[in-house]
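Each remark here refers to the structure printed beneath this line.
Quick note: the coordinates plus some simple rules give every number you see, no bench work behind them. Worth saying up front: this structure is predicted, and the values here are computed from it rather than measured. Glycine gets a Cβ as well: all are built from the backbone with ideal geometry, and neighbour counts include every protein chain shown.
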Amino acid sequence: MRRTLVLAALCSLALATAVRAEEIPVDQLSYPVPRDHQVRIKFPVGDLRVETTNGDHIEFELRANCHRHWERCADRVRNVRVESEDFGGKLRLEIRGYPKMNTGFSLIGVLRVPRDHGLEVHMGVGDLVVEGLQGNLDLNLGVGDARIRTDESAVRDVDVATGIGDADVRTHTGHVRHHGFISSSANWDEGRGKASVNLRVGVGDADVRLD
């Protein structure tokens, strides 16, 4: 009997944990992008992952992760929206409607971009991952960890800096790493490609890996 009660309590705890963390679809979009255009995204709080796609469209999938008070969270998520603008050779994406004082949910974004396009990211808080893009990268993260991975053959130079945290560049020919409590940086300019990678993190770790 006691074992049954313990198992029931564990099941109730697992169910409560699952209820506290629910994902809600926010938006799923697709945009045609000319080859000479750069993609720019402003992302407030959460996790943003950027991947490559073989088509001539970018795709953006946005979800919200509710941490508690699911019904109340769902009401607040309804105000979140993605706005886009194509101007001056850039396709700009911006998340609007995210509340300034919010502890109930964070955002999960997956952005798919053609491999040879440039990318500019302005992100507030969270984790940023960029995989496989071979165009110019200009990435700015306020608080969190950033990890960039791309082909060394496509890159000319890398400039990484953090306000508080570690800056790290890994290549086939070497490993540049700097630790420091304030203003860590790592630089590499021995590439034969065309792309520049610039990564800035205010508080957190910044890692660039060239395969």
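Brief remarks on what is shown
- Coil-residue trypsin sites (Lys or Arg not before Pro) of the stretch 152-211, DSSP, other Cβ within 10 Å capped at 16: 192, 194
- With each label modelled as a point 7 angstrom along the Cα→C-beta vector, the residue 51-residue 115 pair spans 1.5 nm.
- Remark: the residue 100-residue 72 segment gains 8.5 nm on full extension, using 0.36 nm per residue and subtracting the alpha carbon distance.
- Share, in percent, of DSSP beta bridges within the chain that are antiparallel, nearest 5: 35 percent
- Cβ-defined net charge surrounding residue 89, 15 Å radius [Lys, Arg +1; Asp, Glu -1]: -2
- Its relative contact order, with pairs defined as Cα atoms under 8 Å and 6+ residues apart, puts the chain at 19 percent.
- When 106, 30, 184 are arranged by Cβ crowding within 10 Å, least crowded first, meaning fewest neighbours, the order is 30, 106, 184.
- Amide hydrogen proximity for residue 184: with H placed 1.01 Å from N in the peptide plane, the residues at 5 or more positions away or on another chain lying under 5 Å are 162, 165.
- Footprinting exposure proxy ranking of 101, 123, fewest other C-beta atoms within 10 angstrom first, gives 101, 123.
- Between residue 105 and 67, the built amide H atoms are under 5 Å apart, and every one of these is 5 or more places off in sequence or on another chain.
- Correct choice for volume of the Cα convex hull per residue in Å³ that was computed from the model, options (1) 129; (2) 113; (3) 164: (3)
- Note that the stretch 51-56 has calculated 3J(HN,Hα) couplings of 10, 9, 9, 8, x, 9 Hz, one per residue in order, obtained from phi through the Karplus relation 6.51 cos²θ - 1.76 cosθ + 1.60 (θ = phi - 60°); glycine and proline are x.
- Neighbour cut-off at most 16 other Cβ (10 Å), DSSP loop, trypsin sites (Lys or Arg not before Pro), the stretch 73-108: 78, 100
- For 98, 31, the sequence from fewest to most other C-beta atoms within 10 Å is 31, 98.
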